[in-house]
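Since the structure comes first, as structure tokens, the remarks are kept for the end.
The values are calculated or read from the model by the stated rules, or taken from the named source; none is laboratory data. The structure displayed is predicted, hence computed values, not measured ones. With ideal geometry, Cβ positions are generated from the backbone for all residues, glycine too; neighbour counts draw on all protein chains shown. Side chains included, ligands, DNA and RNA excluded: accessible areas come from the protein's heavy atoms. Shrake-Rupley method; radii C 1.70, N 1.55, O 1.52, S 1.80 Å.
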Amino acid sequence: MKTRARTMGLKAGRTMHAGPLTYAVLSLFTAISLAPLVWTAIAASRTQGRLARTPPPLWFGGNLFKNLERAWKEASLGDAMLNTTIVAGSITLGTVLFSTIAGFAFAKLKFRFSGALLVLTIGTMMVPPQLSVVPLYLWIADLQWTNQLQAVILPTFVSAFGVFFMRQYLVQALPSELIEAARMDGASSLRIIWHVVFPAARPAMAVLGLLTFVMAWNDFLWPIIALNQSNPTVQVALNSLGTGYIPDRAVIMAGALLGTLPLLLAFILFGKQIVSGIMQGAVKG
């Protein structure tokens, strides 16, 4: 029996090596995933006339920096990126913070109608966002917030998905005994959230933060309604590149490439921590 347990322990601790087929499949999926981004860069380096011809170009041209400069100036992407950073950062901070606190309440605290409130929260995800556009715009207009960044930030400051996501994570990742021990030591609810809940929820908070930031950065429907070209986000500013009798597709692709670069940079800088957080969450779950 001991020999069998020792053998199973050795097998469990042994490092698994991927074979050639695994690398081939991963390389194929990587190439498919990168193809749209590479094509965007190729199109951004060409001219409108070359993109109109067939077959389409399959390699880079010599107009990349020229088209990037045109897109940057014509769409005022400097101001747009600053606005989008403020909007996406604020939404991400609010969503992660309040979703974690609400998820902790639903997961570990006992209060009346908690089940009904959780079902109601989840039910709001079933409502198409297009249905709330008209009443939301009327509310924003009454507050005189049109064409102001708070009109885009506050309606999405907390998400039902974030609350449900954090609740599901904290049910298993946060032991109830740890909370009881903190209460016996005299810790207040705020101190428990800061010193117990947040450290335990850090992996899920990193994942939720990434998803929220990407969604907020790429959001188009509500910003195009609440804002205009004098105070745009990136997606609203890029919309101006498609106007005109014959839009220059090379410049549009250059603008799309510029709008994507901050997301790529964020993933390059924080991708390791995010993947590590996902793995920690998988182990705890």
Scanning the range 185-194 for residues that are of a type outside the set (F, W, Y) and assigned to a helix (DSSP H, G or I), which turns out nearest to the chain's Cα centre (by Cα)? I193
Scan the range 123-145 for residues that are over 21 Å from G94 (Cβ atoms) and assigned to a loop (DSSP other than H, G, I, E, B) and jot them down. P128, Q144
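Rundown of residues vs (1) closer than 20 Å to S90 by Cβ; (2) modelled with pLDDT under 90; (3) touching a helix residue (DSSP H, G or I) at 6+ places or on another chain (Cβ under 6 Å), yes/no style:
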site	(1), (2), (3)
A216	yes, no, yes
L227	yes, yes, yes
G244	no, yes, no
R249	no, yes, yes
L269	yes, yes, no
K272	no, yes, no
Which count do you get for residues in the range 71-110 that are open to solvent by 80 Å² or more (accessible area, probe 1.4 Å) and over 19 Å from I153 (Cα atoms)? 4
Against the definition (more than 21 Å from L208 (Cβ to Cβ) and open to solvent by less than 60 Å² (accessible area, probe 1.4 Å)), how does L143 come out, yes or no? no
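Restricting to the range 146-191, name every residue that is among the aliphatic types (A, V, I, L, M), open to solvent by less than 70 Å² (accessible area, probe 1.4 Å) and under 12 Å from A226 (Cβ atoms). Reasoning before the result, please.
Step one: list which residues in the range 146-191 are among the aliphatic types (A, V, I, L, M), which gives 149, 151-154, 158, 160, 163, 166, 170-171, 173-174, 178-179, 181-182, 184, 187, 190.
Still in the running and open to solvent by less than 70 Å² (accessible area, probe 1.4 Å): 149, 151-153, 160, 163, 166, 170-171, 173-174, 179, 181-182, 187.
Answer for the range 146-191, where residues must be among the aliphatic types (A, V, I, L, M), open to solvent by less than 70 Å² (accessible area, probe 1.4 Å) and under 12 Å from A226 (Cβ atoms): L149, A151, V152, I153.
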If we scan the range 228-244, do we find a residue that is in contact with a Phe, Trp or Tyr (Cβ under 8 Å, 6 or more places away or on another chain), closer than 23 Å to N83 by Cα and among the small types (G, A, S)? no
Residues that are farther than 20 Å from I252 by Cβ and modelled with pLDDT of 85 or more: find the helices (runs of 4 or more DSSP H) completely inside the range 1-70 holding 3 or more of those. 20-44
Here is a list: V171, V197, V236, V207. Which entry is of a type in the set (V, I, T), assigned to a helix (DSSP H, G or I) and under 30 Å from P57 (Cα atoms)? V236
